[in-house]
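For reference, the structure is listed below as structure tokens.
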Amino acid sequence: MKKNLQIIALIFLIFFSFQSNSYSQWFKLPDLPDSGKVWDMQFVNSNTGWISLINPSKFIKTTDGGMNWILHYNLNIGNFQFIDTLLGYGIGWIGTNYTILKTTDGGSNWNNLFISGNAYTDLFFVNKDTGWVCGFDGFYGKIWRTNDGANNWFLQYTAASNGLDRIFFLKNKVNGEYWGWTMKSGGLWRTTNSGVNWNLINNDIGGGCQGGYDIYFIDTAKGIVTNDIECFSLTTNSGFNWTHVTERHSVDSKIGVGNNNIFWITLGDSIIKTINSFQTYGKQGTPAIANHIFAVDTSIVYAGSNQTNMMKTTNGGGPIIYSGIDSTKLILPEYYKLYQNYPNPFNPITKISYELPKDSKVSLIIYDVLGKEIRRLVDNEFKQAGIYSIDFNEPSLSSGVYFYRLIALDSFGKTGYNKVKSMVYIK
């Protein structure tokens with residue numbers, strides 16, 4: 001009898017231990033107070049956060065980590081951004097007019113500061129005073145800027161595009177200026193002088209994937225974009241070129257940022273996570289469907305899509321089941337190798353691939369026929385041993401012969417490889 005009781009106790013211990021471990025991964029939160037679709041989500045700490053809903057439009061808040069939500073304002077609010085627990089900005093609409101809103105009491109009350117017939121689609125503030133809004137006027141993409149906490153706005157840029165969808169800025173200045181990116185239907189514009197000038201640097205950031213639903217840049221070079229239902233894309237040269245990763249996910253897939261190495265991307269029925277800036281990544285199972293995600297830090301993350309699908313993790317989501325760019329499963333090359341670009345001749349995009357048998361500092365440089373440098377696709381960057389591909393896209397080139405050179409330096413700074421190949425561009 002005593003032995004049987006010990007066995008039963010052991011079974012209960014194992015069961016509750018398993019339940020506790022499962023609960024510490026992704027777990028369901030209580031239902032939201034209304035049935036709308038989650039449009040935007042943000043938390044300023046582990047307990048305080050907001051969600052904007054559409055169909056029907058609501059703005060709700062929690063102060064206890066998502067256990068309870070209260071209706072904070074019955075207004076049409078789309079994307080928003082809180083600077084702290086009290087100060088926040090948002091974009092919304094009143095009838096056929098759009099408005100930029102501001103709250104100073106944590107979302108209980110909002111003031112309409114900039115009402116117009118222009119459509120506002122996204123906003124980004126680098127501090128309490130300085131921010132940008134992108135959108136369109138029915139014909140062209142527009143970017144507006146404020147320097148005084150949204151009280152006054154001025155038009156900063158007009159793009160030859162039918163609207164701009166997303167906008168992102170690095171919050172720390174680089175050489176005294178803010179760097180930012182904005183995108184629409186695969187096109188990507190960049191500013192390196194706080195929005196005074198914007199340049200179209202890539203007109204097809206999604207490759208065959210189209211679109212662009214979310215964007216984040218780690219620094220001036222490394223960035224991530226989610227595209228349509230087939231892939232997300234990565235850049236290491238500020239957005240001029242992108243590596244496209246096929247991974248089926250839901251439309252409106254979003255990026256959660258823990259730090260400069262740890263990220264999540266929503267797939268709908270599961271979530272992608274990386275702990276090394278997408279050198280490798282894997283999936284985490286979830287108890288509900290998620291389109292939106294927000295990471296408070298590397299442990300506390302919220303995700304969801306509608307009233308019944310809100311969930312949370314307090315340990316970063318638990319184990320990762322690797323299925324994607326898993327370098328541990330790759331057979332490492334035996335030798336350095338630079339491949340012939342493909343296609344060749346090309347117009348306007350070609351792919352250049354190379355292999356590294358050991359960790360190296362790499363440069364990949366494009367030259368014209370006179371030896372003048374055109375572009376550095378890779379600029380003295382550390383690369384782990386492996387196989388790499390990068391797209392070259394320069395629509396402004398004239399037809400003719402061009403050259404590309406791969407230079408690889410070993411751990412001692414000595415040149416381990418230096419190879420040049422030619423390619424032909426035909427307009």
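The values are calculated or read from the model by the stated rules, or taken from the named source; none is laboratory data. Quick caveat: nothing in here was measured; it's all calculated off a predicted structure. Neighbour counts run over all protein chains shown; Cβ positions are idealised from the backbone, glycine included.
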Exercise. Kindly provide the set of residues from region 346-386 that are under 24 Å from the mean Cα position of the chain (by Cα) and either farther than 15 Å from LEU409 by Cβ or assigned to a strand (DSSP E or B) (or both), ordered by number.
Key: ILE349, LYS351, ARG376, LEU377, VAL378, ASP379, GLU381, PHE382, LYS383
Quiz item: Are there any pairs with C-beta distances below 6 angstrom linking a residue in region 240-251 that is within 19 Å of LYS273 (Cβ to Cβ) to a residue that is part of a loop (DSSP other than H, G, I, E, B) and at pLDDT 75 or above, with the two at least 6 apart or on different chains, and if so which?
Solution: HIS249/LEU267; SER250/ASN291
Self-check item: Residue list for region 163-185, filter: farther than 14 Å from THR121 by Cβ and either among the aliphatic types (A, V, I, L, M) or surrounded by fewer than 19 Cβ atoms within 10 Å (Cβ to Cβ) (or both)
Solution: LEU170, LYS171, ASN172, LYS173, VAL174, ASN175, GLY176, GLU177
Exercise. Consider only pairs whose beta carbons are under 7 Å apart and that are at least six residues apart or on different chains; among these, list those whose first residue lies in region 376-399 and is of a type in the set (Asp, Glu) and whose second residue is surrounded by 14 or more Cβ atoms within 10 Å (Cβ to Cβ) and assigned to a loop (DSSP other than H, G, I, E, B).
Key: GLU381/THR236; ASP391/ASN241; ASP391/TRP242
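May I ask you to verify whether ILE325 is of a type in the set (A, V, I, L, M), part of a loop (DSSP other than H, G, I, E, B), under 26 Å from the mean Cα position of the chain (by Cα) and modelled with pLDDT under 85?
Yes, satisfied.
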Quiz item: Taking only pairs six or more apart or across chains, which ones have beta-carbon atoms under 8 Å, a first residue in region 166-195 that is under 16 Å from LYS142 (Cβ atoms) and outside the structural domain of GLY135 (by TED's automatic domain parsing), and a second residue that is of a type in the set (Ser, Thr, Tyr) and assigned to a strand (DSSP E or B)?
Solution: none
Self-check item: Of all residues in region 134-154 being closer than 13 Å to SER194 by Cα and in contact with a Phe, Trp or Tyr (Cβ under 7 Å, 6 or more places away or on another chain), the one that is surrounded by the fewest Cβ atoms within 10 Å (Cβ to Cβ)
Solution: ARG145
Self-check item: Sole residue being modelled with pLDDT of 95 or more, surrounded by 16 or more Cβ atoms within 10 Å (Cβ to Cβ), assigned to a loop (DSSP other than H, G, I, E, B) and small (Gly, Ala, Ser), chosen from GLY66, GLY90, GLY107
Solution: GLY66
Quiz item: Can you tell which of LEU409, LEU356 is touching a Ser or Thr at 6+ places or on another chain (Cβ under 8 Å), among the hydrophobic types (A, V, I, L, M, F, W, C), over 25 Å from GLY187 (Cα atoms) and buried (at least 17 other Cβ atoms within 10 Å of the Cβ)?
Solution: LEU409
Exercise. For region 190-213, enumerate the residues that are buried (at least 21 other Cβ atoms within 10 Å of the Cβ) and at pLDDT below 95.
Key: ASN202, ILE205, GLY206, CYS209, GLY212, TYR213
Exercise. Evaluate the following for TYR216: is it of a type in the set (Phe, Trp, Tyr) and modelled with pLDDT under 90?
Key: no
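State whether the residues of region 125-137 include one that is basic (Lys, Arg), in the same structural domain as ARG190 (by TED's automatic domain parsing) and in a loop (DSSP other than H, G, I, E, B).
Yes, because at least one residue in region 125-137 is basic (Lys, Arg), in the same structural domain as ARG190 (by TED's automatic domain parsing) and in a loop (DSSP other than H, G, I, E, B).
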Quiz item: So LYS128 clears everything in (1) closer than 30 Å to PHE27 by Cβ; (2) under 26 Å from the mean Cα position of the chain (by Cα); (3) of a type outside the set (A, V, I, L, M, F, W, C) except one condition, right? Which one?
Solution: (1)
